[in-house]
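Here is the structure we will look at, set down as structure tokens.
The values are calculated or read from the model by the stated rules, or taken from the named source; none is laboratory data. Nothing here was measured: the structure is a model prediction, and the numbers come from that model. Don't worry about glycine lacking a Cβ; one is built from the backbone with ideal geometry, like all the others, and counts go over all protein chains shown.
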Amino acid sequence: MNRIGIIIICTFFIFNCNTSAKQAAKNVITKEANLIPKMYVIPLGKVDKQTIAILVKGIEKFYGIKPVIEKPIPLTNDLLAKSGTRYEGNKILRKFKSNRYQLFITEKDIAIKYRQRNSEEWGILGLSYCPGTTAVVSTFRIKRNLKLFGVRLQKVSNHELGHCLGLNHCSVTPTCLMNDARGTIKQVDKEEMKFCVECKKKLTDYN
Ligand SMILES: [Zn+2]
Ligand SMILES: [Zn+2]
């Protein structure tokens with residue numbers, strides 16, 4: 001059973017550990033492959049088919065698992081943030097939380113409350129339980145550059161799944177995929193599609 005300790009986003013810091021990540025990371029030595037036994041990609045509202053294909057390809061390449069694509073789930077008003085113009089990432093995670101690995105994808109903007117920045121609705125790229133099994137990614141802030149869209153989407157998604165596997169934000173290696181993007185795509189562009197040595201070590205430490 002997952003313990004929802006602290007929810008992690010691309011603007012986060014605090015994490016806790018539990019057994020789900022330990023189990024997920026079992027038998028891992030140095031590779032990202034085989035960390036996730038089975039997973040699902042679920043569109044929230046209308047999501048372009050090509051976007052889903054890019055997302056799935058990124059997960060497949062990085063984690064060595066082909067996600068099952070499920071039918072879209074509607075984005076309902078109960079998931080809206082206070083302003084009514086964006087959706088609240090925490091509400092999405094809470095509503096759809098499950099013990100299976102699942103990544104929700106939406107084209108709508110998602111946000112969280114960010115006290116440190118005095119913001120009621122801080123726009124984010126993605127949000128996930130850390131550790132846990134549920135994550136959500138939004139293409140809203142990624143789509144501004146069509147040329148880089150694919151690789152950005154894949155980095156953000158694989159980053160969020162890294163949180164699910166128990167990885168904290170990385171402050172050791174500037175190019176590590178687990179750096180804190182703080183809701184901006186600039187940082188994502190600096191990253192490579194890989195976990196640094198330190199982050200990989202953390203994954204193996206779960207064994
Ligand atoms: Zn993050
Ligand atoms: Zn790292």
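See the values below:
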{"read-out": "Residue match in region 192-200 (condition: among the acidic types (D, E), touching a helix residue (DSSP H, G or I) at 6+ places or on another chain (Cβ under 9 Å), within 14 Å of ligand 1 (Cβ to nearest atom) and closer than 18 Å to L125 by Cβ)", "value": "no"}
{"read-out": "Given (1) within 13 Å of ligand 1 (Cβ to nearest atom); (2) among the basic types (K, R); (3) in contact with a strand residue (DSSP E or B) (Cβ under 9 Å, 6 or more places away or on another chain), index of the condition K155 fails", "value": "(3)"}
{"read-out": "Scope region 156-199; condition in a helix (DSSP H, G or I), surrounded by 19 or more Cβ atoms within 10 Å (Cβ to Cβ) and either near ligand 2 (Cβ under 8 Å from one of its atoms) or at positive phi (or both); matching residues", "value": "C199"}
{"read-out": "Only listed residue being at pLDDT below 95 and either over 18 Å from M178 (Cβ atoms) or touching a strand residue (DSSP E or B) at 6+ places or on another chain (Cβ under 7 Å) (or both), chosen from R100, R86, R115", "value": "R115"}
